[in-house]
Amino acid sequence: MKTSIVKLILAVILLTVTAADASAQDAQLVDETSPRITRSQRLQIKRLNEGLNAKLKLRLQRNPRYREYAAEASEISRIKDEAEQKRRVEELQKKYADLRDEILKVAGTSVRSYNRRLKQILPRIQLDDSGMIVNRKPLRNIRSSSSTDVLAKTGFQNAEYNFSPNADTTLEITEFPDTWSFKDCRQGTVTFDSSTEFSTRAQTDLSEEDCNDVKAARGAVVNVPAGTRTVRVEITVDKSFISGFAAPWGYIAYASAYSAVGIRVVGFIVGSSKRVNYFRHDFIDIYWSVLGADDATVEETNATYRCTFKPLVPGEFRIQAYGRSTADTDGLAVANSASSVEGMKKIKITFVR
């Protein structure tokens, strides 16, 4: 009996410790500079879809129900309001749910078969036992952070502070004038609405080019002192937001949407050959095929992004919160994604000796 009680107590302690560790987990170092979908992969998807659609077009164009569906879908693809477009797509899929099976039958394939071929091209896609795509839709807990052992506070770039040669030093930054952005498509948008906010949005459909990379970042420049072995970073924000929406709406088509937030570090670090490194806090990765749609939205309040790195050399580093959005389609499809950070409160940096 005593043994059982002891085991139960240990299990509770272990569960508590595990939960605490998870809530304070560092962001993952990921490659946010490479395209999510390469040119070669796009070409393979295009060839796959064209081969299947060749069997479809003549048969379906003679089907009055499909012509009705295609007219409604074409109208929806031109809607610019994201919420309205999602609502109309959901209504469309319910109204014409039977068409998906007919399209697959005429094309001589199935959801399981098509998605397995799609996964061979895009290995990161996950499938369930029935062959349906399973997308990543994270659910994050609301967290709040507190600050202690602060030795210096500043709101300026290239902050000056007293660095103890024998003790850890913590710096808090409360102003974030250092901004950066990039986009590779005309219809992608980046905004810096205030001194504590930024957002990205990627979108594409049949009439637009793909949005492979839309990024924004905001933060500050700091000098990492000589003798620093490790740098710990915490960025606290009022609200962190990511979303993704992918909807193929005609023939055999494909759509994907990706969005992420985290910490951008500009400066050489141990374990990476790149000068610019991304520590991803959270992300959404959405794919869908044939007729249908999928979407996800994650909003986290009082969010804290965390990362730890070892500087290769001392000197100037840029420490920023970042957001990234991408949207990719082939055929008759629409996709969009967004990321935003609102109310940046502080960047807390600890230099570990």
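The values are calculated or read from the model by the stated rules, or taken from the named source; none is laboratory data. Owing to the predicted nature of the structure, the values given are computational and were not obtained by experimental measurement. We place every Cβ from the backbone using ideal geometry, glycine too, and count neighbours over all the protein chains shown. Please note that ligands, DNA and RNA were not included when accessible areas were found on the heavy atoms of the full protein model with its side chains. Shrake-Rupley method; radii C 1.70, N 1.55, O 1.52, S 1.80 Å.
Some points to look at:
- Number of positions in segment 273-296 that are under 28 Å from TYR251 (Cβ atoms) and either part of a strand (DSSP E or B) or of a type in the set (A, V, I, L, M) (or both): 12
- Qualifying residue in segment 293-308 (condition: at pLDDT below 95, touching a helix residue (DSSP H, G or I) at 6+ places or on another chain (Cβ under 6 Å) and surrounded by fewer than 22 Cβ atoms within 10 Å (Cβ to Cβ)): yes
- Selection of first residues in segment 296-315 that are under 17 Å from ARG280 (Cα atoms) and of second residues that are open to solvent by 40 Å² or more (accessible area, probe 1.4 Å) and among the aromatic types (Phe, Trp, Tyr), restricted to Cβ pairs under 6 Å at least 6 apart or on distinct chains, gives the following pairs, ordered by first then second residue: GLU299/PHE241.
- Filter pass, ARG100 being touching a Leu at 6+ places or on another chain (Cβ under 7 Å) and touching a residue at least 40 places away in the same chain (Cβ under 8 Å): yes
- Any hit, segment 77-91, residues being out of contact with any Pro (no Cβ under 7 Å at 6 or more places or on another chain), open to solvent by 20 Å² or more (accessible area, probe 1.4 Å) and more than 21 Å from GLY244 (Cβ to Cβ): no
Here is a yes/no grid of residues against (1) modelled with pLDDT under 95; (2) in contact with a Pro (Cβ under 7 Å, 6 or more places away or on another chain); (3) open to solvent by 10 Å² or more (accessible area, probe 1.4 Å):
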{"residue": "LEU312", "(1), (2), (3)": "no, no, yes"}
{"residue": "GLY315", "(1), (2), (3)": "no, no, yes"}
{"residue": "ILE319", "(1), (2), (3)": "no, no, no"}
{"residue": "GLY323", "(1), (2), (3)": "no, no, no"}
{"residue": "GLY331", "(1), (2), (3)": "yes, yes, yes"}
{"residue": "ALA335", "(1), (2), (3)": "yes, no, no"}
{"residue": "SER339", "(1), (2), (3)": "no, no, no"}
{"residue": "LYS345", "(1), (2), (3)": "no, no, yes"}
{"residue": "ILE349", "(1), (2), (3)": "no, no, no"}
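- Being of a type in the set (Val, Ile, Thr), open to solvent by less than 10 Å² (accessible area, probe 1.4 Å) and under 21 Å from ARG78 (Cβ atoms) is a description that does not apply to THR200.
- Taken as a whole, the condition of being buried (at least 21 other Cβ atoms within 10 Å of the Cβ) and at pLDDT below 95 applies to VAL290.
- Boolean, GLU342 is within 27 Å of GLU90 (Cβ to Cβ) and out of contact with any Cys (no Cβ under 8 Å at 6 or more places or on another chain): no
- Residues of segment 172-186 satisfying the condition of being of a type outside the set (Gly, Ala, Ser) and either open to solvent by less than 30 Å² (accessible area, probe 1.4 Å) or assigned to a strand (DSSP E or B) (or both): GLU172, ILE173, PHE176, ASP178, THR179, TRP180, PHE182, LYS183, CYS185
- Count of segment 92-136 residues which are open to solvent by less than 70 Å² (accessible area, probe 1.4 Å) and under 23 Å from ARG47 (Cα atoms): 23
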